[in-house]
Amino acid sequence: MNLQQLKYVLAIYKEGSITKASHALFCAQPNLSSALKSLENELHIKIFERTPGGVELTPQGEAFISYAANIMAQVEMLENIGSRPAEVPASLGISVSRASYCTQALSQWMNARIRPEQPLSLHFCETNTEKVIDQVFRAESDLGVIRIPAFYESYYKQLLANKNLCETLLMQFKLLLVMRKDHPLVGAPDITPDMLRPFTEVVHGDHRNPSLTMARIDPTLQDTPPRRIYVYDRGSQIDLLKTLPGSYMWASPVPADILEDAGMIQRTASMSRVYNLDLLIWRKNSPGSSLVRSFADYLQKYAGELAGEWGE
């Protein structure tokens with residue numbers, strides 16, 4: 001086994017087919033196929049299954065890719081040592097499926113733990129749950145935060161284990177309503193589905209893993225609100241809530257200063273009965289830098305305190 005073979009296998013995984021990988025690497029397809037077959041024979045495993053649309057990882061391939069991605073990431077760091085300045089920039093990659101508190105925790109952690117003059121290479125990506133898992137699995141991010149309904153916990157824990165990923169609970173909560181301070185329902189003792197029906201719901205969009213079916217609020221609710229806007233970044237969500245009278249959004253606990261700056265309030269509703277989980281994930285076989293461990297510890301503490309404000 002050599003690094004060239006690892007590079008080939010990672011390219012095949014990234015591109016989804018041997019043909020596409022050969023084009024991306026400017027390498028003849030037979031050479032790529034031969035290198036893959038040689039590696040599989042040497043390790044006595046099958047990494048990919050061929051499909052009409054390309055290739056898919058086998059269970060053995062899932063574990064192999066996780067290790068290979070880590071090895072190549074370390075090799076790249078070694079290759080760049082000579083070109084780096086005397087003080088190597090600290091590096092941290094984070095992928096999150098959503099949650100305002102993650103960015104808030106990141107800012108506070110940087111202010112408290114990172115020297116102003118310290119070089120830093122920080123990559124923060126907000127995407128859907130499926131992509132967060134994939135980015136951590138492929139070593140594109142050091143840490144990930146995913147949000148799942150509690151009734152899917154066993155499924156996702158098995159999925160993470162199969163990908164050689166570890167997880168720990170950041171926060172368990174029932175979804176809360178976010179709305180403008182002058183929303184007509186702010187003063188209502190409780191809010192029911194019928195009361196929300198005339199208003200527009202702003203939803204974090206996610207095609208492959210729908211972020212907010214009504215079952216994630218109350219398993220007895222089936223009807224989707226008649227007025228919905230699907231948005232794919234939190235900045236646009238907040239802008240819509242601020243400028244569209246009567247709009248509202250279901251969310252995890254939001255830090256008080258973010259709500260205050262946006263002129264919003266957050267409140268409970270008895271219709272919200274289902275627990276959701278925010279999980280912090282990382283690669284099992286990756287030791288992680290002191291920087292990664294520092295932020296992971298800070299985020300866990302921050303999320304726990306925020307959940308505690310709502311009695312969760």
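The values are calculated or read from the model by the stated rules, or taken from the named source; none is laboratory data. Fair warning: this is a prediction, and the values are worked out from it, not measured in the lab. All Cβ positions, even for glycine, are placed from backbone atoms using ideal geometry, and neighbour counts span all protein chains on display. These area figures cover heavy atoms from the full protein model, side chains too; ligands, DNA and RNA do not enter into them. Shrake-Rupley method; radii C 1.70, N 1.55, O 1.52, S 1.80 Å.
Taking region 187-243 as the range and being over 21 Å from Tyr275 (Cβ atoms), at pLDDT below 90 and among the small types (Gly, Ala, Ser) as the test, the residues that pass are Gly205, Gly235, Ser236. Taking region 276-296, which residues are more than 16 Å from Ala139 (Cα to Cα) and at pLDDT below 90? Listed by number, the list holds a single entry, Ser290. When restricted to residues that are part of a helix (DSSP H, G or I), in contact with an Asp or Glu (Cβ under 8 Å, 6 or more places away or on another chain) and under 19 Å from Leu106 (Cβ atoms), region 130-175 contains 1. Look at (1) of a type in the set (S, T, N, Q); (2) at pLDDT 85 or above; (3) within 14 Å of Ser286 (Cα to Cα) and you find that Asn70 fails only one, number (2).
The residues in region 1-48 that are within 24 Å of Lys163 (Cα to Cα) and in a loop (DSSP other than H, G, I, E, B) can be counted, and the count is 8.
For the structure I just gave you, tell me whether Ser272 is part of a loop (DSSP other than H, G, I, E, B), within 25 Å of Val202 (Cα to Cα) and either among the basic types (Lys, Arg) or open to solvent by less than 70 Å² (accessible area, probe 1.4 Å) (or both). Here the answer is yes, as Ser272 does meet what is asked.
When region 17-31 is limited to residues that are aliphatic (A, V, I, L, M) and under 32 Å from the mean Cα position of the chain (by Cα), the one that is surrounded by the most Cβ atoms within 10 Å (Cβ to Cβ) turns out to be Ala21. Could you tell me whether region 50-57 includes any residue that is touching a residue at least 40 places away in the same chain (Cβ under 8 Å) and among the polar types (S, T, N, Q)? No, region 50-57 contains no residue that is touching a residue at least 40 places away in the same chain (Cβ under 8 Å) and among the polar types (S, T, N, Q). Filtered by the rule that a residue be touching a residue at least 24 places away in the same chain (Cβ under 8 Å) and among the hydroxyl-bearing types (Ser, Thr, Tyr), region 137-193 gives Ser141, Tyr156, Thr168, Thr192.
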